[in-house]
Amino acid sequence: MKLRLISIVVAGLLAGCASMEPSGLSAIANLQSTKANTASGAVTFTQVGDKVRVEANLTGLKPNAEHGFHIHEKGDCSSGDGMSTGGHFNPLGKPHGMHDGMERHAGDLPALKADAAGNARLTAMMDVITVSAGATSVVGRGMIVHRDPDDYKAQPTGNAGPRNACAVIAAR
């Protein structure tokens, strides 16, 4: 009986670990600076169980500054200023908020914090988006880096200012 219980527990733990493995589904956003800006870099999205690992590596940001970082509803950077991406990605109809709060847009990501050289790296696990097909999929959406920090209060955008870099999120 003890051996059977141990076997069940081990099987459960292994199943739990398997759900934390990347599923093979991933997407990338190759950010290009908008008019009169210098920010650029890449953001990858990897499906890991029921969450998505977001990894960003950017350069050309305002040094020692915080920048709003959001997924936007439209995968369209044709305007040159990033405005063609529309508003924040919000398929669940939530208010704008902190990336780890209960009430937030699916597009609300943690802020980017640039170092003294204007570089920023970020790794975060997000639970409201997916790489797989469906209403919360990021594939085909816009990725925006803003000039200013997000205040996490102003609706519906967080008052993060102009859009310094833009990309379309594409499946890999």
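The values are calculated or read from the model by the stated rules, or taken from the named source; none is laboratory data. Since this is a predicted model, take the numbers as computed values, not measurements. All Cβ positions, glycine included, derive from the backbone under ideal geometry; neighbour counts span all protein chains shown.
Summary table
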| quantity | calculated |
| --- | --- |
| Considering residues of segment 66-114 that are among the polar types (S, T, N, Q) and not in a loop (DSSP other than H, G, I, E, B) only, the residue farthest from M125 (Cα to Cα) | S84 |
| Matching residues, segment 107-135, being farther than 23 Å from L61 by Cβ and touching a Leu at 6+ places or on another chain (Cβ under 6 Å) | V131, S132 |
| Unmet criterion (only one of (1) of a type in the set (A, V, I, L, M); (2) surrounded by 15 or more Cβ atoms within 10 Å (Cβ to Cβ); (3) at pLDDT 95 or above) for M98 | (3) |
| Close pairs (6 angstrom Cβ cut-off, 6 or more residues apart or separate chains): under 19 Å from N164 (Cβ atoms) in segment 41-54, β-branched (V, I, T) anywhere | G41/T59 |
| When residues of segment 65-100 are limited to those that are aliphatic (A, V, I, L, M) and in contact with a strand residue (DSSP E or B) (Cβ under 9 Å, 6 or more places away or on another chain), the one nearest to A29 (Cα to Cα) | I71 |
| Count - residues of segment 123-166 that are more than 16 Å from N30 (Cβ to Cβ), of a type outside the set (V, I, T) and in a strand (DSSP E or B) | 5 |
| Conditions (1) surrounded by fewer than 19 Cβ atoms within 10 Å (Cβ to Cβ); (2) closer than 20 Å to I28 by Cβ; number of the one not met by A117 | (2) |
